[in-house]
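The values are calculated or read from the model by the stated rules, or taken from the named source; none is laboratory data. Fair warning: this is a prediction, and the values are worked out from it, not measured in the lab. Glycine also receives a Cβ, built like all others from the backbone with ideal geometry; neighbour counts cover every protein chain displayed. For accessibility, only protein heavy atoms count, side chains too; no ligands or nucleic acids. Shrake-Rupley method; radii C 1.70, N 1.55, O 1.52, S 1.80 Å.
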Amino acid sequence: MDAELNVQDIRFHNPRLARLGVEVLTLAELRRNAAGALAGPQRVDFHLLLLIEGGRSQHMVDFVDHVLQPGRVVLIRPGQIQRWHMHAGLDGLLVLIANDALAPLLTRSENALALLQLEAWPPACTPSDGLFAAVCGDFHRMREEIAGFAGDAVGSAIIRLSLRTALLRLSREALTEPAGTAGSRETMLYRLLVREIEANLDARLSVLDYARRIGYSERTLARACIATVGLTAKVVIDQRVALEAKRLLHHSPASVARIGHQLGFTEPTNFVKFFRRLVGMTPQAFREHV
């Protein structure tokens with residue numbers, strides 16, 4: 001039996017907004033409506049954007065605590081594990097973005113999703129004061145539009161175009177490289193690799209294995225990864241496996257050997273060597289440390 005994470009799975013759930021796939025909440029509303037769900041670790045299946053307008057705290061995303069202070073923006077991606085350190089003095093906005101809400105962007109001529117390069121955004125950033133104020137204004141107006149949303153196609157288009165505009169504004173400073181540095185083909189190949197990695201975390205596949213599955217050469221796949229996130233394909237694969245190992249070690253009671261086997265390592269010693277190379281300590285030491 002596979003090791004299971006002791007983590008609450010959070011899905012986008014708002015029947016009124018199901019077809020829209022976008023919701024904007026104030027942190028005060030979040031505390032009021034979901035206070036009981038904020039205590040433990042959570043894994044989201046949608047993009048979550050956090051914009052801090054007042055107060056100070058921390059927010060954990062995949063074992064890294066990010067400082068929350070006015071002007072701070074945090075992006076949580078689908079599948080990541082987060083933990084809130086919520087208190088009454090923390091003010092700001094929380095934007096929930098279902099995957100379907102981003103999909104229509106792919107049909108636009110300028111391929112806005114490729115321009116956004118959400119996979120290349122850092123987990124947290126601090127935009128300039130002017131940009132942060134503009135984006136917060138965008139999302140406050142979007143919140144008003146969503147409050148009056150009646151399920152019509154025009155209203156949906158207005159809100160989704162507003163979302164695209166706000167995210168593109170942020171991308172100007174969130175990205176370490178200008179948006180568009182990676183071509184749409186490279187970005188597409190990188191996303192295909194990520195999708196295959198997620199589907200095969202229980203197998204120790206090589207870069208060649210993934211290249212064959214996707215239908216491109218190793219060299220082409222390597223160029224796509226470097227152009228999109230600045231890492232080789234092997235590093236992308238190894239880092240994702242190491243992250244899953246860390247999640248299982250911290251959030252499940254399974255033994256080190258069982259976790260290694262679940263991740264495709266036939267010998268526990270190979271898993272320990274892999275983990276030490278990637279993380280800098282043994283799996284057991286990591287479990288005791290965190």
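What to note about this one:
- Residue match in segment 82-100 (condition: more than 24 Å from residue 126 (Cβ to Cβ) and either free of Cβ contacts under 8 Å to residues at least 40 places away in the same chain or crowded, with 16+ Cβ neighbours inside 10 Å (or both)): yes
- Verdict on residue 27 being within 18 Å of residue 139 (Cβ to Cβ) and either in contact with a strand residue (DSSP E or B) (Cβ under 6 Å, 6 or more places away or on another chain) or among the β-branched types (Val, Ile, Thr) (or both): yes
- Test: residue in segment 141-161 that is at pLDDT 90 or above, among the basic types (Lys, Arg), in a loop (DSSP other than H, G, I, E, B) and open to solvent by 60 Å² or more (accessible area, probe 1.4 Å): no
- Among (1) free of Cβ contacts under 8 Å to residues at least 40 places away in the same chain; (2) aliphatic (A, V, I, L, M); (3) open to solvent by 10 Å² or more (accessible area, probe 1.4 Å) - the single one residue 243 does not satisfy: (1)
- Output for segment 191-208, where each listed residue is assigned to a helix (DSSP H, G or I), modelled with pLDDT of 90 or more and surrounded by 15 or more Cβ atoms within 10 Å (Cβ to Cβ): 192, 193, 194, 196, 197, 207
- When residue 66 is tested against (1) at pLDDT 90 or above; (2) touching a strand residue (DSSP E or B) at 6+ places or on another chain (Cβ under 6 Å); (3) of a type outside the set (Lys, Arg); (4) exposed (fewer than 13 other Cβ atoms within 10 Å of the Cβ), just one condition goes unmet, and that condition is (4).
- Any hit, segment 251-259, residues being modelled with pLDDT under 95, closer than 28 Å to residue 100 by Cα and small (Gly, Ala, Ser): no
- Odd one out for residue 231, checked against (1) in a helix (DSSP H, G or I); (2) open to solvent by 20 Å² or more (accessible area, probe 1.4 Å); (3) under 16 Å from residue 189 (Cβ atoms): (1)
- Per-region count, segment 245-280, residues in a helix (DSSP H, G or I) and either in contact with a strand residue (DSSP E or B) (Cβ under 9 Å, 6 or more places away or on another chain) or within 20 Å of residue 206 (Cα to Cα) (or both): 20
- Residue in segment 211-220 that is modelled with pLDDT of 90 or more and under 23 Å from residue 7 (Cβ atoms) present: no
- Residue in segment 34-53 that is surrounded by the fewest Cβ atoms within 10 Å (Cβ to Cβ), counting only those that are part of a helix (DSSP H, G or I) and either in contact with a Gly (Cβ under 9 Å, 6 or more places away or on another chain) or among the aliphatic types (A, V, I, L, M) (or both): 35
- Scan of segment 78-112 for residues that are part of a helix (DSSP H, G or I), at pLDDT below 75 and touching a Lys or Arg at 6+ places or on another chain (Cβ under 9 Å), ordered by number: 104, 105, 112
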